[in-house]
Amino acid sequence: MWGGSSVFTGIVEEVGRLRSLRIGAKSAEVEIDAGVVLEGTHVGDSILTSGVCLTVTALSGRGFRADAMPETVRRTTLAALRPGAPLNLERALSFAARLGGHLVTGHVDGVGTVEAVEAEDTALVVIIAAPPAVRRLTVAQGSLAVDGVSLTVVRTHAASVTVSLIPHTAAVTTLGALARGTAVNLEADLIGRYVMTYLERAAEDTRGAQSLTWDKLAEAGFA
């Protein structure tokens, strides 16, 4: 996370397990048991780990090691993990791959907290209290990455968002075990982030133009 520009789809390839977590003064080192995501992976490649983009620093026959920089530790749930914790894993998108979810970068926008999990026919509906940085970029029927899983937003609220999981997603990711109080990594839609930034800058430019007067031009020597 924060160290590169890899892109993912939010479609989990396997659920790995945290083997060890060593927290330093500010950074951390993780070792993760995995299998599927090791295929074709080399040191220096990126793996989306429950929503966090980590760079592989070492490989073994049963997993990989990665470092997490201070910003990653501060902004994600990584430091709260314990050995044995399940982790959603996905290799970076290749040009030959199908984009089954949406564009995910592994740059977490904030940590949310599950408020409720409700069954609705075959689906699981999850309400997540989300920080403003996520809510302002989230729209109904849009996409949201929850612990690295691409989900469709059902609706938005003043302080939370609601997403829905199909049975397959609940079965093959860690999200099927979500419960009230669970902390999750949230990443808003990448396109929404760019659109919001463009609109904010356009508004700033407009305010700047409106504040320009003949007197100010004269003071600047344009009289």
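FRET efficiency for the Glu39 to Val7 pair, using the beta carbon distance and R₀ = 25 Å, is estimated at 0.85. One chain, two ends: Ala58 and Arg98. Fully extended at 0.36 nm per residue, the span grows by 11.7 nm beyond their Cα-Cα distance. For segment 14-91, DSSP calls about 100 percent of its internal beta bridges antiparallel. Counting other Cβ atoms within 10 Å as a rough exposure proxy, the listed residues Ile47, Ile32 run Ile32, Ile47 from fewest neighbours to most.
Computed from Cα atoms, the angle from the helix 190-210 axis to the main principal axis of the chain rounds to 10 degrees. Ellipsoid fit via the Cα gyration tensor, the chain: semi-axes of 36, 23, 16 Å, each the root of five times an eigenvalue, largest first. For segment 110-207, compute Rg over Rh where Rg is the Cα radius of gyration and Rh is the Kirkwood radius from the inverse mean 1/r over Cα pairs. My calculation puts Rg/Rh at 1.04. Label-to-label distance, Glu200 versus Arg180, with points set 7 angstrom from Cα along the beta-carbon direction: 3.4 nm. Qualifying trypsin sites (Lys or Arg not before Pro) in segment 171-205, where qualification requires a DSSP coil assignment and no more than 13 other C-beta atoms within 10 Å, comprise Arg180. For segment 14-91, the Kirkwood radius over C-alpha pairs fed into Stokes-Einstein at 4 °C and 1.567 mPa s yields D = 106 µm² per second. Evaluating kT/(6 pi eta Rh) at 37 °C and 0.692 mPa s, with the Kirkwood radius of segment 59-101 over Cα pairs in the Stokes-Einstein relation, gives 245 µm² s⁻¹. Segment 1-51 has equivalent-ellipsoid semi-axes of 19, 15, 11 Å, by the square roots of 5 times the alpha carbon gyration tensor eigenvalues, sorted largest first. For the pair segment 37-89 / segment 121-162, the C-alpha centres are spaced 24 Å from each other.
Each value in this text was obtained by applying a stated rule to the coordinates, not by laboratory testing. None of these values were measured; they are calculated from a predicted model. FYI the Cβ positions are ideal-geometry reconstructions off the backbone, even for glycines, and counts take in every protein chain you see.
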